[in-house]
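The values are calculated or read from the model by the stated rules, or taken from the named source; none is laboratory data. This is a predicted model, so every value here is computed, not measured. Every residue, glycine among them, receives a Cβ derived from its backbone with ideal geometry; neighbour counts consider all protein chains shown.
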Amino acid sequence: MDPLTLGLLVALFTVGVLLSGISVAAGLLVVSAGFLIVFDGMSSLSLMPEIFFGKLDNFALLSIPMFIIMGAAIASTRAGADLYEALERWLTRMPGGLVVSNLGACALFSAMSGSSPATCAAIGKMGIPEMRKRGYPDAVAAGSIAAGGTLGILIPPSVTMIVYGIATETSIGRLFLAGVIPGLLLVLLFMGWSLYSTWASGDARVLRSTPYTWRQKLEILPRVLPFIAIILGVLYAMYGGIATPSETAAVGALLCLLIAMVIYKLWDPRQLWVVLRDSTRESVMILFIIAAAGVFSYMLSSLFITQSIAAWIGDLEVNRWVLMALINLFLLVAGFFLPPVAVILMAAPILLPIITTAGFDPIWFAVVLTINMEIGLISPPVGLNLYVINGIAPDIKLKTILVGSLPYVACMVIAIVLLCLFPGLAVWLPDFVMGAEV
C-alpha cells in the first residue's frame with residue numbers, strides 16, 4: 001500500500017479508537033501494534049517494549065513530576081485566593097479593574113503551577129463569585145477566568161513545553177524563555193478586551209472602584225511574595241547556569257512544599273498525601289502517553305509514513321505561509337478533541353521535518369502550537385477549562401461560559417498572527433539570554 005494512503009488509514013483508525021473513549025496512551029499502543037502486525041508481521045512487536053521503556057529513559061523527564069508537585073502544592077493552599085486578593089487590592093481603583101486583577105492572578109498562578117485546570121479552579125473559586133456580586137455579566141466573569149487559565153501551558157514553567165522539548169529534542173530552557181513575551185502579550189490582549197467590554201457596558205456597579213488603604217494593600221503581600229520568589233529563583237538557577245531544568249524543578253517542588261507547610265500550615269499527613277497522590281497520578285498519565293507516543297512514532301517511521309508525508313509536503317509548490325495556515329488549522333481541530341500533550345506527541349514527529357524544511361524556527365513554532373492548544377482548552381467538545389468553570393459555578397450554563405470565552409479565542413488568533421508577522425516575539429528572549437543557536 002502507498003505510504004500516503006496508509007498514513008490516511010492510520011489517521012482514521014487513530015481518531016476512531018480515541019473517540020471510542022479509550023485512554024490516549026492505550027489507544028496509541030493499540031493502533032501502533034495493529035498496524036505493525038498487519039504490515040510488518042508479528043516479529044515487529046519484539047521492539048515495542050524496548051521503544052516504550054527507552055522513551056522514558058530521559059533525565060529531562062524528571063522535571064515533569066517535579067513541576068507537577070510544585071503546582072499541586074500551591075494549588076492545595078490558599079495561595080491562589082491570596083494572590084487574587086492581593087491583586088484586587090492593588091488594581092481595583094481602576095474602573096473595571098476587578099476583571100484585570102483576575103487575569104493578572106491567572107498569569108501569576110500559571111507561572112507558579114504550570115497547570116491550566118489548577119489555575120481555573122484556584123482563581124475561579126474566588127474571582128467568579130466576586131465579579132458576579134459586583135455586577136459583571138456571567139459571560140465575562142466565567143469567560144475571563146476560563147481564558148486566563150489557559151496561560152498555564154504557555155507561561156513557564158510549562159509541562160507542555162517540556163513535552164515538546166523532549167519530543168523534538170529542543171532545548172527546554174529556550175522553550176521556557178520563548179513563552180515569556182507571547183504569554184505577556186496574551187495577558188495584555190485579554191486585559192485590553194476585558195477593559196473595553198467592561199467600559200462599553202456602562203454599568204455603574206461594574207465601573208465603580210473599591211478603595212483600599214495602604215495598610216490593607218501591604219498586609220497581604222507576605223503571603224504571596226515567597227511563591228513569586230521561588231519562581232524567580234527557579235528561573236535564575238536555570239538560566240544562570242547553576243542547575244539543569246530537572247534539578248531546578250526538584251528544588252522548586254521542595255521549596256513549594258515547605259512554604260505550603262510553613263505559611264499555610266499544611267501539616268496534616270492526609271493533605272500531603274493527597275498532593276503527592278494527585279501529582280503521581282498526573283505524572284504517570286503524562287509519562288504513559290509519552291512512552292506510547294514513542295511507539296506510535298516508531299510505527300509511523302517503520303512504515304515510511306512520516307518520511308513520505310514530509311517529502312510530499314516538501315514537493316508541494318505552495319507558499320510557506322499557506323502551509324503554516326494549514327498546519328494551524330490542523331492543530332486547532334486536533335486541539336478540539338485531544339489534550340495538548342497528546343497532540344504534541346502525535347504531531348511533532350510529522351510536523352517537525354515539515355516546518356524545518358519550510359524554514360520555520362522550531363522554538364517559534366512551539367509557541368504557535370501551544371497557543372493553538374490553548375484555544376482547544378476553551379473550545380468544545382472537550383474544552384477542559386469550560387467544564388472546570390462549570391464545576392465551580394454550576395448555575396452558569398455551559399453555553400454562557402463558551403460565549404464569554406469566544407472573544408478571548410479571537411485574542412489568541414490575533415496573537416498567532418502577530419507571532420507570524422514578528423517572529424522575534426518568541427525567539428528574541430531565548431537568543432538574548434542563551435545566545436543565538438548556530
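Yes/no per residue for (1) at pLDDT 85 or above; (2) in contact with a Gly (Cβ under 8 Å, 6 or more places away or on another chain); (3) among the hydroxyl-bearing types (Ser, Thr, Tyr); (4) exposed (fewer than 15 other Cβ atoms within 10 Å of the Cβ):
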site	(1), (2), (3), (4)
Val24	no, no, no, no
Asp40	no, no, no, yes
Ser63	no, no, yes, no
Gly71	no, yes, no, no
Ser76	no, no, yes, no
message: Among (1) surrounded by fewer than 17 Cβ atoms within 10 Å (Cβ to Cβ); (2) in contact (Cβ under 8 Å) with a residue 40 or more places away in the chain; (3) not hydrophobic (A, V, I, L, M, F, W, C), there is one condition Asp268 misses while meeting the rest; what is its number?
response: (2)
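Got a sec? Which of Leu429, Leu425 is within 25 Å of Asp361 (Cβ to Cβ) and either over 19 Å from the mean Cα position of the chain (by Cα) or of a type outside the set (A, V, I, L, M, F, W, C) (or both)?
Values: Leu425 fails: either over 19 Å from the mean Cα position of the chain (by Cα) or of a type outside the set (A, V, I, L, M, F, W, C) (or both).
Unique residue meeting the criteria: Leu429.
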message: If a residue must be within 21 Å of Ala237 (Cβ to Cβ) and assigned to a loop (DSSP other than H, G, I, E, B), how many such residues does the stretch 55-82 contain?
response: 1
task: Check whether at least one residue in the stretch 296-313 is under 19 Å from the mean Cα position of the chain (by Cα) and at pLDDT 80 or above, and report yes or no.
output: no
- prompt: Looking at (1) in contact (Cβ under 8 Å) with a residue 12 or more places away in the chain; (2) part of a helix (DSSP H, G or I); (3) over 22 Å from Leu8 (Cα atoms), which is the one condition that is false for Ala342?
  reply: (3)
message: Condition first: assigned to a loop (DSSP other than H, G, I, E, B), within 20 Å of Ala366 (Cβ to Cβ) and of a type in the set (A, V, I, L, M, F, W, C). Can you find one or more residues in the stretch 160-169 that meet it?
response: no
task: Out of Val99, Val140, report the one residue that is modelled with pLDDT under 80 and β-branched (Val, Ile, Thr).
output: Val99
task: Return the residue satisfying two criteria in turn: it lies in the stretch 238-253 and is under 14 Å from Pro156 (Cα atoms) and among the hydrophobic types (A, V, I, L, M, F, W, C), and of such residues it is surrounded by the most Cβ atoms within 10 Å (Cβ to Cβ).
output: Ala249
Qualifying residue in the stretch 279-291 (condition: surrounded by fewer than 16 Cβ atoms within 10 Å (Cβ to Cβ), of a type in the set (Ser, Thr, Tyr), under 30 Å from Pro349 (Cα atoms) and out of contact with any strand residue (DSSP E or B) (no Cβ under 8 Å at 6 or more places or on another chain)): yes
- line: Among helices (runs of 4 or more DSSP H) entirely within the stretch 376-438, at least 2 residues that are within 24 Å of Ala334 (Cα to Cα) occur in 384-392, 398-421
- request: Could you check Met131 against (1) in contact with a Leu (Cβ under 7 Å, 6 or more places away or on another chain); (2) in contact (Cβ under 8 Å) with a residue 40 or more places away in the chain and say which number it fails?
  value: (2)
- request: List every residue pair whose Cβ atoms sit under 7 Å apart, with the two residues 6 or more apart in sequence or on different chains, where the first one lies in the stretch 208-227 and is within 30 Å of Leu255 (Cβ to Cβ) and the second, anywhere, is in a loop (DSSP other than H, G, I, E, B) and at pLDDT 75 or above.
  value: Arg223/Ile263; Pro226/Ile263
- prompt: Which is surrounded by fewer than 16 Cβ atoms within 10 Å (Cβ to Cβ), modelled with pLDDT under 90 and of a type outside the set (Ser, Thr, Tyr), of Pro349, Pro380, Pro353?
  reply: Pro380
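When the residues of the stretch 117-133 are narrowed to those that are basic (Lys, Arg) and farther than 22 Å from Asp278 by Cα, which ends up surrounded by the most Cβ atoms within 10 Å (Cβ to Cβ)? Reasoning before the result, please.
Step one: filter the stretch 117-133 for residues basic (Lys, Arg), giving 125, 132-133.
Next cut, farther than 22 Å from Asp278 by Cα only: 132-133.
Working: Arg132: 17, Lys133: 11.
Per the stated criteria, the residue is Arg132.
For the stretch 12-22, give me each residue that is surrounded by fewer than 15 Cβ atoms within 10 Å (Cβ to Cβ) and either under 24 Å from Trp312 (Cβ atoms) or polar (S, T, N, Q) (or both). Please lay out each step first, then the result.
Start the filter on the stretch 12-22 by keeping residues that are surrounded by fewer than 15 Cβ atoms within 10 Å (Cβ to Cβ), which leaves 12, 16, 19-22.
Those that are surrounded by fewer than 15 Cβ atoms within 10 Å (Cβ to Cβ) and either under 24 Å from Trp312 (Cβ atoms) or polar (S, T, N, Q) (or both): Leu12, Gly16, Ser20.
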